[in-house]
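What follows is a single structure, written as structure tokens, with notes after it.
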Amino acid sequence: MGPVRVTAIASLTPLEELDADPFLVDSRTQHAICARWAAEQGYTVSRELLVRKLRPDHLALWDGVRPGVDLFVVPSRRVLESALSSAEEFTAECARRGVRVETVGCEEPRYDSRMKAQVHRRLSLPTAGYDGR
């Protein structure tokens, strides 16, 4: 059967929502949480998706996904609800297709003004080569 292939899902949330909900805007941290979880399980993230209100049947989710081999991981239920148009329909579709969906469920980071500024710079200056470090 081979190794488990993990698809990490993060929410594509507009930069304008940074002050109100920094975690949903900070897709890099969302993907890092998923990667950490996968590593703890002995898995490797093979795909990273960055989506907002995507339909649960969208081809971007299911292209090449195989039952028993692939799984989806999200940092939290909140991220899943933001990333997909219907978290319930998505989890039902996963069950129907025999594909696991895991929620890390860790505590979200608390963002101070410095952390928000880093996220803002990284997302507002990508064409200038700034990578957020």
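The values are calculated or read from the model by the stated rules, or taken from the named source; none is laboratory data. Computed from a predicted model, the values in this text were never measured in an experiment. Positions of Cβ are backbone-derived with ideal geometry, glycine not excepted, and every protein chain shown enters the neighbour counts. The protein model used for the area step is the full one, side chains on, heavy atoms only, and it has no ligands, DNA or RNA in it. Shrake-Rupley method; radii C 1.70, N 1.55, O 1.52, S 1.80 Å.
Tabulated values for the structure
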{"read-out": "Tabulated pairs, segment 76-104, first touching a residue at least 12 places away in the same chain (Cβ under 8 Å), second open to solvent by less than 20 Å² (accessible area, probe 1.4 Å) and of a type in the set (Asp, Glu), C-beta under 6 angstrom, 6+ apart or interchain", "value": "Val99/Asp70"}
{"read-out": "Subset of segment 14-35 (residues that are surrounded by 14 or more Cβ atoms within 10 Å (Cβ to Cβ) and without any contact (Cβ under 8 Å) to a residue 24 or more places away in the chain)", "value": "Asp21, Ser27, His31, Ala32"}
{"read-out": "Which numbered condition Ala39 misses (of (1) at pLDDT 95 or above; (2) farther than 18 Å from Lys116 by Cα; (3) surrounded by 16 or more Cβ atoms within 10 Å (Cβ to Cβ))", "value": "(3)"}
{"read-out": "Filtered residues of segment 1-11 (kept if open to solvent by 30 Å² or more (accessible area, probe 1.4 Å) and either at pLDDT 95 or above or not hydrophobic (A, V, I, L, M, F, W, C) (or both))", "value": "Gly2, Pro3, Arg5"}
{"read-out": "Scope segment 14-62; condition under 11 Å from the mean Cα position of the chain (by Cα) and of a type in the set (Ser, Thr, Tyr); matching residues", "value": "Ser27, Thr29"}
{"read-out": "Asp70 vs. criteria crowded, with 17+ Cβ neighbours inside 10 Å, more than 11 Å from the chain's Cα centre (by Cα) and farther than 30 Å from Arg121 by Cα", "value": "yes"}
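Quick grid of which residues meet (1) among the aliphatic types (A, V, I, L, M); (2) open to solvent by 50 Å² or more (accessible area, probe 1.4 Å):
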| site | (1), (2) |
| --- | --- |
| His58 | no, yes |
| Arg66 | no, yes |
| Glu88 | no, yes |
| Ala95 | yes, yes |
| Val119 | yes, no |
